Amino acid sequence: MARKKEDLNLNNIVNTQFDAAARHIKLQDGLLEQIKACSNVYYMQFPVKFGKKYQMIQAWRAEHSHHRKPLKGGIRYSRMVDQDEVMALAALMTYKCAIVDVPFGGSKGGVQVQARAYSREQLEKITRRLTAELIRKDFIGPGINVPAPDYGTGEREMAWIADTYDAFHPGDLDNMACVTGKPITQGGIRGRTEATGRGVVYALRELFRQPKELKRCKLAGSLEGKTVSVQGLGNVGYHAARILHEEDGAKIVAVGEWDGTIYNPKGIDIPALERHRKKTGSILGFPGTKKLGRPGDCLEVECDVLIPAALENQITQDNMKKIRCKVVAEAANGPTTPRAEAELTKRGILVLPDIFMNSGGVTVSYFEWTKNLSHLRYGRLEKRVDQAKLENLVASLENLVGHKFPKKKRQELIAGTDERDLVNSGLEETMICAFQEILEIRNRTKNVNDMRTAAYICAIQKVARGYLELGVFP
Ligand code: NAD
C-alpha cells in the first residue's frame, strides 16, 4: 500500500508536537486550547515604488500568546513565507521563551520577498514601510511587540526599524527597545549577532557533559575532533560552525548552502570560508573542498553532529533513511518533520529540538531589551572595581611566588568583566539550565523518550503558569 504523503505544513507540525506533549499534562478546561491557539494575525499588503513601478508587498505579523508582555519574535524575509508559517513560528516563540524563562509572549513576522533579489535601497524602503504599517496597527513597541532578526534579515534591517519607530514617536525615551538585534551603535548589545549560534554550541557542550546521553547516541568524549555538517551558513549556521571550529576544535566536514554543498573530511576553516564567500559570492570553489551534487547533500554526509540552520522541512520522509549522524542539533526552526524524527529516534539518533536549541537569540534579545530600558551598558559600573580587586590579588600572588607574571598573562588575569562576558555568561547559564530541565522532564515522564516532547511539556507548564498568574483561568 502506498504511504500517505507527509504533511509539511509547519503550523500542523507544531500543533502535532504540542498535542504529543499535552497528552502528558492535566490542566483546567480550556487552558490547553488557549495556550495552543494563535491569538491574532495582522495581514498587510502595501505598495512600494521602485523607479517608475509599484510592487505590492505581502507581509504578516502573528501574535501567538499574550500571557507575558511584550511579545517577541523575529521578522523573516523569504519568498516562501505565508500566514501559516508565521503563525507556526510565533507559536514556537511562545514555547522557546517559556523554556528559557524569558518573560515574553511569542510573535513572528514575515515579508514575502527574497532578500537577495533586492538592492539595499529597495530593502530599506520595504523595511521602513513595513514598520509604518506595524505602528499603524499597534503591532510594534517596547511594551507591545518587539521584533528581531530572522531568516533574510539582520542588524541593518533592525536599525531601519528602530529609526522609523523613533521618527514616529519623537521624544519617547524607550524607543530603542522597540526592536532587538540592532547594531551596537544603535542600542544593540555585544554578543547578540552570534547569540543563536553560540547558544547552539553551549547546548552541545552540555550534551557532551552528559555521559549517559552520549552513550545513548553512541558518542563519547568531548566535542574536540567530532565531525559536524552544517546546512545554511547564515547568521545562525556561520556562528555555530565558527565557534565549534575555533573554540571546541570540532571538524566541520561539510557546509551546505542554497547553491551547493562543499565537503572536506579533514575539516573546513570556517572564517576562511566566509572570506571566500564574501569575495566570490558563493561557498563553492573553496580551496581544499570538493563539491557534492545537490545542496541537500550536507544533510546526508556521515558525521557526529548535523546542524540544520537554514529552513524548515529539510529532514523529511524523503531523506530520513539517508541521515547518517548521531545528533541532530536543530538550529533552524522546524527542520525535521515528525515522521522523520520518529525514524531517527528509532535508529538511536538524538534530536535536540528547535524550541530549545535556537533560543539563544531571544535570550540575548531579552538582555538587549533590558539594556535599552535601563539606558546603561552592562559592566559599566563594575568593570573597574573588578579590575582593582584582581590587580591586588595578582600582586599578592606575584609576591608569594617571587616573580612577575608575563605581561600578556597578567593582562588576562586582571581584565574586568565587560558586556560581552556578561552576555555570554547569561546565555551559557540559560542554555545549561534549560538542557538539564528538559532532560529531567524526559527522564521522569512515563512514555516520553524524546527531547522535543519533554521541551514542549516544559514550555506548556510554564505558559500555563503565566495564564494562571494573570487570573485568566482561575
Ligand atoms: P540567514 O538568512 O542569516 O541565513 C540562512 C542561510 O541559509 C543563508 O545563508 C541562505 O543562503 C541559506 N540557505 C537558504 N536556502 C538554503 C538551502 N536550501 N540549503 C542550504 N542553505 C540554504 O538566517 P538565520 O537568521 O541564520 O536563520 C536560519 C534559521 O534559524 C531559520 O530557521 C530561523 O528561523 C532560525 N533562527 C534564527 C535566529 C536568529 O537569531 N537569526 C534565532 C532563532 C532561530
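The values are calculated or read from the model by the stated rules, or taken from the named source; none is laboratory data. Keep in mind it's a predicted model, so treat the numbers as computed, not measured. Because the Cβ atoms are built from the backbone with ideal geometry, glycine has one as well, and the counts that use them run over all protein chains shown.
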By residue number, the members of segment 252-274 that are buried (at least 22 other Cβ atoms within 10 Å of the Cβ) and of a type outside the set (A, V, I, L, M) are G256, T261
Take K69 and decide whether it is buried (at least 24 other Cβ atoms within 10 Å of the Cβ) and among the charged types (D, E, K, R).
-> no
Are any residues in segment 327-340 on the phi < 0 side of the Ramachandran plot and either within 11 Å of the chain's Cα centre (by Cα) or surrounded by 22 or more Cβ atoms within 10 Å (Cβ to Cβ) (or both), and if so, which ones?
-> V327, V328, A329, E330, A331, A332, N333, P335, T336, T337, A340
Counting only strands (runs of 3 or more DSSP E) entirely within segment 206-273, those with at least 3 residues that are under 23 Å from the mean Cα position of the chain (by Cα) are 227-231, 251-257
Selection status of G288, more than 14 Å from the ligand (Cβ to nearest atom), assigned to a loop (DSSP other than H, G, I, E, B) and touching a Lys or Arg at 6+ places or on another chain (Cβ under 7 Å) = no
Can you find even one residue in segment 83-102 that is in the same structural domain as A115 (by TED's automatic domain parsing), within 15 Å of the ligand (Cβ to nearest atom), over 28 Å from Q461 (Cα atoms) and modelled with pLDDT of 95 or more?
-> no
Looking at segment 151-166, which of its residues are in contact with a Phe, Trp or Tyr (Cβ under 6 Å, 6 or more places away or on another chain) and crowded, with 24+ Cβ neighbours inside 10 Å?
-> T153
Here the qualifying pairs (Cβ atoms under 8 Å; residues six or more apart or on different chains; first in segment 373-395 and not assigned by TED's automatic domain parsing to the domain that holds A162; second modelled with pLDDT of 95 or more and small (G, A, S)) come out as L373/A177
Go through (1) over 21 Å from R198 (Cβ atoms); (2) surrounded by 13 or more Cβ atoms within 10 Å (Cβ to Cβ); (3) of a type in the set (S, T, Y) one by one and return the number of the condition S374 breaks.
-> (2)
Determine, yes or no, whether L8 is within 15 Å of the ligand (Cβ to nearest atom), surrounded by fewer than 21 Cβ atoms within 10 Å (Cβ to Cβ) and within 26 Å of the chain's Cα centre (by Cα).
-> yes
Hey, any hits in segment 240-248 for a residue that's more than 20 Å from A203 (Cα to Cα) and more than 11 Å from the ligand (Cβ to nearest atom)?
-> no
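Assess whether G110 counts as being more than 29 Å from L422 (Cβ to Cβ), within 21 Å of the chain's Cα centre (by Cα) and within 16 Å of the ligand (Cβ to nearest atom).
For G110, the condition - more than 29 Å from L422 (Cβ to Cβ), within 21 Å of the chain's Cα centre (by Cα) and within 16 Å of the ligand (Cβ to nearest atom) - is met.
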Expected single match for buried (at least 16 other Cβ atoms within 10 Å of the Cβ), under 28 Å from I184 (Cβ atoms) and of a type in the set (G, A, S) among A434, A388, A415 is A434
Residues of segment 194-230 satisfying the condition of being surrounded by fewer than 13 Cβ atoms within 10 Å (Cβ to Cβ) and in contact (Cβ under 8 Å) with a residue 40 or more places away in the chain | K218
Which residue pairs have Cβ atoms closer than 9 Å, lie 6 or more positions apart in sequence or on different chains, and pair a first residue in segment 277-299 that is in the same structural domain as I252 (by TED's automatic domain parsing) with a second residue that is of a type in the set (K, R) and more than 10 Å from the ligand (Cβ to nearest atom)?
-> L284/K291; G285/K291; G288/K266; L299/K322
Matching entry among K404, K446 (being charged (D, E, K, R) and farther than 30 Å from G348 by Cβ) = K404
The lone exception for E206 - which of (1) within 13 Å of the ligand (Cβ to nearest atom); (2) of a type in the set (D, E); (3) under 18 Å from N358 (Cβ atoms) it fails = (1)
